[in-house]
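First the structure, in the form of structure tokens, and then the observations on it.
Please treat every number below as a calculation from the coordinates, not as lab data. Predicted model only: the values in this text are computed from it and were never measured. Glycine also receives a Cβ, built like all others from the backbone with ideal geometry; neighbour counts cover every protein chain displayed.
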Amino acid sequence: MQKNWPVPILLLFTWLQVAGQVAGITQPDQGLFEAIGYHLVHGKILYAEAFDHKPPGIFLINAFYYFIGGHGENIVCYGTLFFALLQCIIFYKLTFVLFKNKIPSFFSTTLFIFIFFGKEVFGTGNFSEQYGALCTTTALLFLIYFVEEKALKYLLLASFFFGLAPWFKEPFLFSSIPFFIYTFYLIFKRKINFKSIFKVVFSYFLPSIVFILWIILFASWDGFLENIRYSSGYASARDTSIWSHLWLNRNGFYYSLFASVTISFLISLPGNISLFTKKWGYAVSLFIGGQQICDWIATGMSGNWYAHYFLQTTPLSILIICMGIYWTNGLLKKWIHLNVQIIIFSVLTLFCLFQWQTWKTWKLNPEKTYFDAIGRYLDKNEPKIPRNIVLASHDLGFYLPVAQGISQMRYVVPYPYHWTQLKGEIKNQRCTEDSILLVKNPPPYMIYNGECATFFQDGHMDSFVIKNYHEVVRTYLNEGRNAILLKINAH
């Protein structure tokens, strides 16, 4: 226990931080994932009766939560918390294998916990990027084990986790590029034989083989292909060139770490410089520096930027910052007889704590609490309706009643998510289709907000809603906006 004293402390920090986040009102994307997972367990067919423009990994992991935990979204809170604790351990192991010292590893992981699991990027948890980042961080750990011990099993495990990550979100494909460069180097130098090459390739594609077989047998292959086509169109919906978009992406890339782009850049500069020294070895520098670049490109490819996208980049960015602190401490040791790294780590950690005031949301109980009138009403009057399909964030979070092109799940809040990047005939077509589906099979509840829920206006559904629904309760959102819970009239 004394040998691994940082681990229980770090797990406690993670528990307090994540429990406070996941207990908040479920945000839009996660609510979509939870709702689809819930209905998969109850017999819906993925990409036919339930679909979003995401690979199946995020839906299946939410389905697994409901499969083992039954009704109620609190099982999702505990599942998210479990994988967060696992991410904490993996990151600590990763820093320890680099630094070979518990003190900098402890401080590095503490910094990671307060940034990665903070409200800026982590939100209420259960984003697809959370699981993708766990896969790539685990893969990086095994890669470094392979460099140190030359055991093929580590290279195979790294290959497997790099192959698994894109099945949570496609941009994680980019994360494996440095891995393939290194693999080709091993082949060129004849450091692995043909049999080993086959095993590495097979390990990478094993998750794809399993997922594709599952989709063919238990989901809709045609729907999955449509999902890929839609995702490609969504990613290309940008007003600027790809190069301009990538350059602007640095703002989100750095701002997700500290108070400003300039501060984050300066803090990460020593770590990036250290990658060009002999401190870490060429292979480790290639993995970490290369993956950071590839993740930056990946997050910049989308037509939109949302803070949770940077869950993909944050682990490596924090790791490079910590590597810079450790490297700088080694340089200054010749002149300053102080442990400079502890001072720097402490300053950065306190900066993060006071910048985001994370301690204010710390909790031991990760279960959902409902603060608004709509949540309380539904919790009291409709206890059998999963909370994940009736609650959303106070800022946005409006789900679809039915969505041709994204999902035909039963949601209670119209939100034109699948129209935001569409124009012209295709947008009119989807508006019409959704309007028809809504009239044929109206949901028992809707949450109406005139500013955000433009489905009513675009689909010319105002008169239908006024005729067939009545208000039961409303709640304040922000800046004078209210969300109104509408219940279908009894016939």
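With Cβ to Cβ distances under 12 Å as the rule, what net charge do the other residues near PRO6 carry (K, R +1; D, E -1)?
+3
Could you work out the local net charge near ILE58, counting Lys and Arg as +1, Asp and Glu as -1, over the other residues with Cβ closer than 12 Å to its Cβ?
Taking every other residue near ILE58 into account, the sum is -3.
What pairs in LYS102/LYS278; LYS440/LYS487; LYS93/LYS153 have C-alpha atoms more than 19 Å from each other?
Over 19 Å Cα-Cα: LYS102/LYS278.
Straight distance only, please: which lysines reach the Cα of LYS368 with their own Cα at less than 17 Å, same-chain residues fewer than 8 apart left out?
Once the sequence-local lysines are set aside, what remains near LYS368 is LYS119, LYS360, LYS380, LYS384.
Between the range 150-215 and the range 36-91, how many Å separate their Cα centres?
With the range 150-215 and the range 36-91 each reduced to a Cα centre, they are spaced 25 Å.
Among PRO55, ASN74, GLN17, whose Cα lies farthest out toward the positive end of the dipole of the range 1-136, if unit charges sit on the beta carbon of Lys, Arg (+1) and Asp, Glu (-1)?
Of the listed residues, the answer is GLN17.
For TYR204, TYR145, what's the fewest-to-most ordering of other Cβ within 10 Å of each Cβ?
TYR145, TYR204
Quick one: order ARG376, ARG474 by neighbouring beta-carbon count within 10 Å, fewest to most.
Lowest to highest Cβ neighbour count: ARG376, ARG474.
What ranking of HIS53, HIS39, HIS491 emerges when the number of other C-beta atoms within 10 Å of each C-beta is taken as an exposure proxy, fewest first?
HIS491, HIS53, HIS39
Using a ≥ b ≥ c from the Cα gyration tensor of the range 169-304 (square roots of the eigenvalues), is it rounded, prolate or oblate, where a/c under 1.5 gives rounded and otherwise the larger of a/b and b/c decides, a/b for prolate?
The shape class here is oblate.
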